[in-house]
Structures are given as structure tokens and as C-alpha cells.
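The values are calculated or read from the model by the stated rules, or taken from the named source; none is laboratory data. On a predicted model such as this, the values are computed, not experimentally measured, just so you know. All Cβ positions, even for glycine, are placed from backbone atoms using ideal geometry, and neighbour counts span all protein chains on display. For the accessible areas, the whole protein counts, side chains as well, though only heavy atoms, and no ligand, DNA or RNA atoms are used. Shrake-Rupley method; radii C 1.70, N 1.55, O 1.52, S 1.80 Å.
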Amino acid sequence: MKHIVLKSLALAALACALTTTTDAQQAPLPTNPSQVSGPPPGTAMTKAYVQMVGRMAYLWGWPLVNGANRAAAAARAPEPGLIGGMMPMAHNRLASLTGYIAPGERFVTCPNQDVVYGVGYLDLDKEPIVFQVPDFGDRFWVYALWDARTDEFSNIGKQYQTKPGFYMMVGPNWTGNPPPGIAAVIRSPTTMALAATRTFMDDTPEDRRVIQSVLSQINFYPLSEFDGKMRSTDWSKLPDFPAPPSKGETQWVNPDTFFDELPTVMKQVPPLPGEEALYAWIGSVLEAAAKDPEIRQALKETAVAGEREMITPLFQWRYNGRPVGNGWNSPVNNAAWGTDYLNRTGTAKTNMYDNKPEETKYIYTEDDSQSQRLNGQNTYAISFAKGETPPVKGFWSLTLYNEEHFFHPNPLNRYSLGTKNKNLKYNADGSLTLYAGANSPGADKESNWLPAPSGPFSLYIRAYWADQAMINGSWRPPAVQKVDAGGATVGRQQ
């Protein structure tokens, strides 16, 4: 019996020793991002390595620096107002237009003349922001709230059946309870946010008059001013602030200073899940550049080259989103970019601050059906078959932009056509043909004409509250057909 007990103890001791030995030979495996090591401080770096990381950082960080510099410009305004008398802008509040945006606006590319805009940059680290939702009735409206990454974090609008009332926007660090009277709290993942309100208005003087009462109740202001009462503002009395002269969009990213600004921006924008390694990778090079003038110079040179080689080409619509038929492209992840850094930057370059696809579907082209660059010296026809205009629950439009993605001033003061227009002429078979070109397509067609510059231009379809057929791509935009002097189409549809 004693022999059996001793043998059992020996076997148990051996098993314990084997287990201990096995465990000792297994290194701990990381189970979360904080346990994954990155480049240690002081690591020697070749110029080629710095350039490689720098190019990725430039593509990734371009929209973040762009937005931060816009917000900084808004913060310098002493009160809500109009930049150049055209673009509404405010800091920790909202400023709104009373009608369509003016064609001379240069703060952001690709504005539209289907809605009345309200805009405000918000610093949510200071205090929460209360915003009002008036009763819009049957009118289409949407409030888009973006974080510093240009991702939208709100579902506020007609398509979401948002009820009139008071709502509150808070930053990532806010704790507490909303005061009585607040219908819901919306949290931004970053301390900097941008709010843009869009309210549909048709092109009649009557609707412009009627819309003023609801516009006056669209308001954003600090929580400390909230008293539970719906406030009204006469937006026609906003002051004007001078705008810097610019042919195209105001330059918000300067390659020479980009890598001086990026460290501060990265501290304000925490990594998304899965971005921790990217942050450590970029951060190690930025840290090295702060100590080594040669590395800093290499990053500056990389930014200048990256702007020319990576960013500038993205201004072409063919490099934005993906093809959706007949020479048109459309984004897929707009306002919910995640790690889609290419399209996030492409959109920031071409037409920053997209709405989510379920709010707005964007489709654009700069080529005709023969893959030739659109030019105002020609006349083009865009024909929607009967029942095949963009399928929407909200509204749709076709807008024409010059080569800088802004409106082309013209005697008709017309920059888009669509739902808002009450005098479009349909063809006998129920189809709708719109025309684009520098010269009138004829007096009988002028109601359907978008005047173009004499040089390059592009076309842009917007569909607010689009049907699923537009979102999933089963609806195809029409070909842009060049027409000859007699009105006949040239070439075949793709």
C-alpha cells in the first residue's frame, strides 16, 4: 500500500513538473492592441523608410488636417456670420442662409442649390451643444453631424422620423445627465465636430417666403444657454466676414506645414479599433522628426511630393468611388469611411463632407458617353427614360460644376435642375432630357438647360433619401450624349 502511495505521489510530481515546464516555454501572446509593441524611441531610420511612412501618413491624415484647419478658421470668427457674404459659418453655434448658396462661395467645393444650408464647427470639449429641430411638416430636411474623421455619427432627419424638439450633442469625455426637455443625446467620438443642416427649397419665390419661419428655428447653441424654449433667429441679419481670394477651393492643407500640424491633430482624434498600430507607426516617425532635422526635412519633401502625386489626381471624378455605369462614379462608404482611407481622402479633396448613402447618394462624371472630357464648346443631352429619373423619397438634382468644382456664373443664374424646378419640359413619351453646354440648345429647350463654361466641366447627380435601387447600384445613371448642331446624339451609349 505504501508503495502504491509513493508511486502515485511521484507521478503527480512528474506531471506537475511537465506542466510547469510546458508553461514556462510558452511566451505570453498579446490579447489586445496595448500588448503589441511598436518601434521603440530612438530607432535608426533610413530616408526611404521615413518617406514610405510619410506617404501613408499624408494620405491617411490629409482629411483630418483639412478639417482641423477649417475648424480653426471658424473659431476665429467673432460671431456667427457669412464668409464673403456667402458661406454660413459659426463656432460652437450655427449660422444659416435664408436661400440658396451664392455661386461665388469658395469655402468648400460642390455646394448645391437644392437646399438651404446651415453650418457650424463645434468644440465639444468646452461644453455640450443643444440643437433645435422645428416642425418641418412635409418638407425634406436632414442634419448631418460629422466627427474629425468626416464620419457621420448622427441619424437626424426626415428619413429617420426625427420628432421636433431639443437634442443635445456631447463629446467623448462628457459625463452627466441631460436636463429636462432634451429628447436625446448624440455623442461624437471626437471633441471636434461639424454640423450642417440641409432644408429643401424649391425654386419659386413663394417657397422661399414660406421656408423662412422654419429656418429661423434651426439653431445650435451651448448647453449653458438652454432654457427649454424654442428660440428664433433672423438669419438675414448675419454679419459678413472677408474671404481670402481664391480661384478654386481655399487651400486647407499646406504640404510645407502638414507634418508640423499632424501630431496635434492625432492627439485630438483617438485611433479607431485596429488603428493602434498605424498610430504607433506614424507616431514613431513624427517623434523622430521632432529631434532630427534631416528626418523632418525628409517628411516635408514627402508631403510636397505626395500632394502632387497622390492628392491632386484624386480631384478627378474617375478616381473617386467606383464605376456605376455609363461613365459615372459613386462612393460607397461616404461618411462611414472606416479604414477606406483612399476614398475618404478623395472625397475630402473633391467635395468634402458627404452625407451617408441612405441620406444622399452622390453620382458624378466628367466624361461623355465616348469617354471624352466634357467641354462647354459642345452640347450634351442627359436623357432619363419615362419613370427612370433618380428614384427617391426626398428629391434629386443634376448640378453642373466648372473645372474647380464650383458653379459657373451665368445669365440664367441656374446651376442645377431637378425636383425643385417646376417648369421642366418632358418629352412626348414621358422621358426627360436635360442639356448641358455653353450655348443654348434652343429656345424651346432652355427650361431644361444647364449653362456651362466654354471649357471643361463636370456633372453631379444628388439623390436625397434615395431608394434602394440607387444605393445598391441596380439603377444606372444615363449616358451623357454629345449632340450635333441638329440635335442628334453622337456616338452610342456605353
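Treating only the Cβ atoms of Lys and Arg (+1) and Asp and Glu (-1) as charged, compute the dipole magnitude of the stretch 232-381 about its Cα centre; round to the nearest 20 debye.
On the way: 14 positive and 21 negative charges, 55 e Å.
I would put it at about 260 debye.
Normalising by the residue count of the chain, find the relative contact order in percent from Cα pairs under 8 Å and 6+ residues apart. Could the numbers behind the result be given before it?
Details: 961 pairs, mean separation 79.4, N = 494.
For the chain, the relative contact order is 16 percent.
Compute the relative contact order of the stretch 120-188 as a whole-number percentage, counting only Cα pairs closer than 8 Å that sit 6 or more residues apart in sequence.
Working: 96 pairs, mean separation 24.3, N = 69.
Relative contact order here is 35 percent.
For the stretch 382-478, which trypsin sites (Lys or Arg not before Pro) are in a loop by DSSP, counting at most 14 other Cβ atoms within 10 Å?
On the way: sites: LYS386, LYS393, ARG414, LYS420, LYS422, LYS425, LYS445, ARG462; in loops: LYS386, ARG414, LYS420, LYS422, LYS425.
Listed in order of number, the matching sites are LYS386, LYS422, LYS425.
Using alpha carbons only, what's the Rg to Rh ratio of the stretch 389-494 with Rh from Kirkwood?
Values: Rg = 14.2 Å, Rh = 14.9 Å.
Taking Rh as the inverse mean 1/r over Cα pairs, Rg/Rh reads 0.95.
Which log10 I(q)/I(0) values does the chain give at q = 0.12 Å⁻¹ under the Debye formula, counting every alpha carbon as one identical point scatterer?
-1.13
Gain in length, LYS445 to ASN32, computed as 0.36 nm per residue apart minus the alpha-carbon separation, to one decimal in nm? All intermediate terms of the calculation are to be shown ahead of the outcome.
On the way: separation 413, 0.36 × 413 = 148.68 nm, distance 6.39 nm.
Stretched out fully, the LYS445 to ASN32 stretch lengthens by 142.3 nm.
Normalized C-alpha radius of gyration of the stretch 133-201, against 2.2 N^0.38 Å? Could the numbers behind the result be given before it?
Values: Rg = 12.7 Å, N = 69, 2.2 N^0.38 = 11.0 Å.
Taking N as the residue count of the stretch 133-201, the ratio is 1.15.
Using Cα centres only, tell me the gap between the stretch 145-171 and the stretch 392-459 in whole Å.
Going from one Cα centre to the other spans 32 Å.
Within 13 Å, Cβ to Cβ, of LEU272, how many net charges do the neighbouring residues add up to if Lys/Arg are +1 and Asp/Glu are -1?
Taking every Cβ under 13 Å from that of LEU272, the sum is -3.
Kyte-Doolittle cut-off 0.0, length cut-off 30 Å along the helix's own axis using Cα: show which whole DSSP H helices in the chain pass.
On the way: long enough: 2-24 (33 Å, 1.00); 47-75 (38 Å, 0.27).
Those that pass (Cα extent of 30 Å or more, hydropathy at least 0.0) are 2-24, 47-75.
Given 10 °C and 1.306 mPa s, how large is the Stokes-Einstein diffusion coefficient of the stretch 234-311 in µm²/s, with Rh as the Kirkwood radius over Cα pairs?
Details: Rh = 15.3 Å.
For the chosen part, D equals 104 µm²/s.
If you average 1/r across every pair of different Cα atoms in the stretch 316-472 and take the reciprocal, what Kirkwood value do you get, in Å? The partial results should precede the final answer.
Values: mean 1/r = 0.0620 Å⁻¹.
After inverting the pairwise mean of 1/r, the radius is 16.1 Å.
Using the beta-carbon distance between ARG187 and ASP467 and R0 = 30 Å, what value does 1/(1 + (r/R0)^6) give for FRET efficiency, to the nearest 0.05? Working shown, then result.
Details: r = 30 Å, r/R0 = 1.01.
That pair, ARG187 with ASP467, gives E of 0.50.
Tally the DSSP beta bridges in the stretch 388-461 and give the antiparallel ones as a percent, rounded to 5.
Values: 8 of 11 bridges.
So the antiparallel bridges in the stretch 388-461 amount to around 75 percent.
Excluding ligands, DNA and RNA, what is the solvent-accessible area per residue of the chain at a probe of 1.4 Å, expressed in Å²? Don't skip to the answer; put the middle values down first.
Numbers: 22430 Å² over 494 residues.
Per residue, the chain has an accessible area of 45 Å².
Packing-wise, with mean Cβ within 10 Å as the measure, how do 75-81, 27-33, 463-469 rank, highest first? It would help to have the intermediate numbers written out before the result.
On the way: 75-81: 14.3, 27-33: 8.0, 463-469: 20.3.
Sorting 75-81, 27-33, 463-469 by mean packing, highest first, produces 463-469, 75-81, 27-33.
Computed over the Cα atoms of the stretch 90-156, what is the convex hull's projected area averaged over all directions, in nm²?
Numbers: hull surface 22.6 nm².
Mean projected area for the stretch 90-156: 5.6 nm², to one decimal.
When the chain is fully extended, how far beyond the present Cα-Cα distance does TYR160 get from ALA44, taking 0.36 nm per residue of separation?
On the way: separation 116, 0.36 × 116 = 41.76 nm, distance 5.31 nm.
Contour length minus the Cα-Cα distance gives 36.5 nm.
Students often forget the sequence filter, so: which aspartates and glutamates lie under 20 Å Cα-Cα from LYS163 once same-chain residues fewer than 8 apart are removed?
Those aspartates and glutamates meeting the cut-off are ASP135, ASP138, GLU152, ASP227, GLU358, GLU359.
For the stretch 102-217, what's the relative contact order in percent, using C-alpha pairs closer than 8 Å and at least 6 residues apart? Intermediate results must be reported in sequence, preceding the final value.
Working: 193 pairs, mean separation 42.3, N = 116.
Answer for the stretch 102-217 is 36 percent.
Roughly speaking, what is the centre-to-centre gap between the stretch 337-353 and the stretch 200-263 when only Cα atoms are used, to the nearest Å?
First find each Cα centre; the distance between them is then 22 Å.
For the pairs LYS361/LYS445; LYS393/LYS425; LYS47/LYS300; LYS126/LYS267; LYS420/LYS445; LYS247/LYS349, note any where the Cα-Cα span goes beyond 20 Å.
Working: LYS361/LYS445 27 Å; LYS393/LYS425 22 Å; LYS47/LYS300 12 Å; LYS126/LYS267 17 Å; LYS420/LYS445 18 Å; LYS247/LYS349 15 Å.
Exceeds cut-off: LYS361/LYS445; LYS393/LYS425.
Please compute one quarter of the surface area of the Cα convex hull for the stretch 328-402 and express it in square nanometres. Can you show the working numbers first?
Values: hull surface 25.2 nm².
Seen from a random direction, the Cα hull of the stretch 328-402 projects 6.3 nm² on average.
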